[in-house]
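The values are calculated or read from the model by the stated rules, or taken from the named source; none is laboratory data. Note that this is a predicted model, so its numbers are computed, not measured. Because the Cβ atoms are built from the backbone with ideal geometry, glycine has one as well, and the counts that use them run over all protein chains shown.
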Amino acid sequence: MIIEKTFYANIYCGFRAGYTDVYANIVDARKIVEEYLNKEIFGTTMTPTWFHYPGGREPGVIVGLIQYPRFHKDEQLIRYQALMTAHKLRKGLQQERVTVVFSDYTAMITEDDTEESIHLNIYGKTL
C-alpha cells in the first residue's frame, strides 16, 4: 500500500460566456484541459455540475486534480497546474472568474491574473 498526504484541487467553471446567452459545454472544456495536461503531463477528472445563484443558474464543470500516490508530485506543482488550468478555462470559455478550491484554501482567477502572476504567486518569482 502506498500512502501520501491528502492534497487536492477542484476547479469550478461555468459554461455561460460572461453575462451573455452563449454557452459552452463539457466538450469545449475537455479540449482546453486536455491540451494543457498533455503538455504538462498530469491527470484530471471532469464532472458536469450546475451552479445555482440568486436569479439564475448555469451548467458547468468541476475539474479535479489529486495527489496520486503512485506518481507523487510536489503540492506546489499541483497548485500551479490547477491554477494554470483554471486560467486557461477562464480565457477559453470566456468566464469572468473561475474558482479553485484546494484542500487548504480557495483562490479565484479573474481577468487580472496572468500566467506570470500565477507563477509568481506559487513560486515567488516570474517565469
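Quick one: would you say D28 is on the phi < 0 side of the Ramachandran plot, of a type outside the set (A, V, I, L, M, F, W, C) and part of a loop (DSSP other than H, G, I, E, B)?
Spelling it out, it is not the case that D28 is on the phi < 0 side of the Ramachandran plot, of a type outside the set (A, V, I, L, M, F, W, C) and part of a loop (DSSP other than H, G, I, E, B).
Considering only region 37-55, state which residues are assigned to a loop (DSSP other than H, G, I, E, B) and not polar (S, T, N, Q).
I41, F42, G43, P54, G55
Specify the residue that is nearest to N10 (Cα to Cα); the eligible residues are those in region 21-64 that are out of contact with any strand residue (DSSP E or B) (no Cβ under 9 Å at 6 or more places or on another chain) and hydroxyl-bearing (S, T, Y).
Y36
Output the residues belonging to region 20-46 that are modelled with pLDDT of 90 or more, of a type outside the set (V, I, T) and either surrounded by 13 or more Cβ atoms within 10 Å (Cβ to Cβ) or within 15 Å of E58 (Cα to Cα) (or both).
Of everything in region 20-46, those that are modelled with pLDDT of 90 or more, of a type outside the set (V, I, T) and either surrounded by 13 or more Cβ atoms within 10 Å (Cβ to Cβ) or within 15 Å of E58 (Cα to Cα) (or both) turn out to be D21, Y23, A24, N25, D28, A29, R30, Y36, L37, M46.
Of all residues in region 95-122, how many are touching a Lys or Arg at 6+ places or on another chain (Cβ under 9 Å) and outside any helix (DSSP H, G or I)?
12
Anything in region 56-94 that is acidic (D, E) and not in a loop (DSSP other than H, G, I, E, B)? List them, or say none. Quick ask: steps written out before the conclusion?
Of all residues in region 56-94, those acidic (D, E) come to 58, 74-75.
Within region 56-94, E58, E75 meet the criteria.
Listed residues A17, A86, A82, A107; which is hydrophobic (A, V, I, L, M, F, W, C) and either closer than 30 Å to M1 by Cβ or at pLDDT below 95 (or both)?
Checking each option against the conditions leaves just A82.
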